[in-house]
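Below is one structure; the comments refer to it alone.
The values are calculated or read from the model by the stated rules, or taken from the named source; none is laboratory data. None of the values given here were measured: they were computed from a predicted structure. Don't worry about glycine lacking a Cβ; one is built from the backbone with ideal geometry, like all the others, and counts go over all protein chains shown.
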Amino acid sequence: MTATLRAEGVSKAFGGLQALNGCSLTAEAGHITGLIGPNGSGKTTLFNAITGYERIDAGQVFLDDRRITGASPQRVFALGVGRTFQLTRIFPRLTVLENMLVPARRGRSSRQHRERAMELLAFTGIAGHAGALAGTLSFGQRKLLELAYVLVADPAVVLLDEPAGGVNPSLILQIADRIRELNRAGRTFLIVEHNMEFVMGLCHQVTVLDSGTVVASGPPEAVRINPRVLDAYLGTEAVDD
């Protein structure tokens, strides 16, 4: 299953601060799309608007042709849009496996649920920590646990907020490999990330925000030489590296 996620003309203000101003982006079905910009540019606010954590002032959000504007986070998730957070949201006093079984606790924790959970932990490379308390994991391993947790629901679209942030280089490569593998199977990704090497090497398309406005969108090779992007975020040195 795969799907296209679209935000059209999304605006959001917090008092006198215009966090988003008519933002539009498309995460094409089966593609990996990056969302970048300087701190305070509105990236997380746009993520929150798309996934129902923030009510928007104007604009629309669509999953394929279904309008999901204003839907609750639970409804957005049920429709097939999963997300992670910049600061991981795990249960530190539960084991890694118990964290994976939380989505199943509305029903019963059947053998099938446990088998699926272990498959996903193996896929993300942390099955060896299944019996450990989640609070003992490294930051990068927590990122992998959160990704595995999101995949329990088999979402068509996955939004990742800073998947490489604060993660050691070897785990960054592991995370990137898992994303590519999932994408090859048809999963759509929208990724907020500050690590430019990660974004440019992974994404098919990149959208750039600055002060709540989209200033560029296109293939990575075009975005990284766009003068507006250089001014807003990357800087000459980042392009020359």
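Values computed for the structure shown
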{"item": "Residues located in the range 1-13, provided they are at pLDDT below 95 and over 16 Å from Arg67 (Cα atoms)", "result": "Met1, Thr2"}
{"item": "Residue identified as modelled with pLDDT under 85, under 18 Å from Gln86 (Cβ atoms), assigned by TED's automatic domain parsing to the domain that holds Thr44 and not polar (S, T, N, Q) among Val239, Val199, Val167", "result": "Val167"}
{"item": "Residue match in the range 101-110 (condition: charged (D, E, K, R) and at pLDDT 85 or above)", "result": "no"}
{"item": "The listed residue being in contact with a Pro (Cβ under 6 Å, 6 or more places away or on another chain) and within 30 Å of Glu28 (Cα to Cα), out of Gly70, Gly82", "result": "Gly82"}
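Conditions tested, residue by residue: (1) closer than 29 Å to Ala78 by Cα; (2) among the β-branched types (Val, Ile, Thr); (3) at pLDDT 90 or above; (4) in contact with a His (Cβ under 9 Å, 6 or more places away or on another chain).
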position	(1), (2), (3), (4)
Leu145	yes, no, yes, yes
Ala148	yes, no, yes, no
Ile191	yes, yes, yes, no
Pro227	no, no, no, no
Tyr233	no, no, no, no
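Conditions (1) over 30 Å from Val10 (Cβ atoms); (2) of a type in the set (Val, Ile, Thr), marked per residue:
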{"position": "Arg55", "(1), (2)": "no, no"}
{"position": "Phe77", "(1), (2)": "no, no"}
{"position": "Gly80", "(1), (2)": "no, no"}
{"position": "Val96", "(1), (2)": "yes, yes"}
{"position": "Arg114", "(1), (2)": "yes, no"}
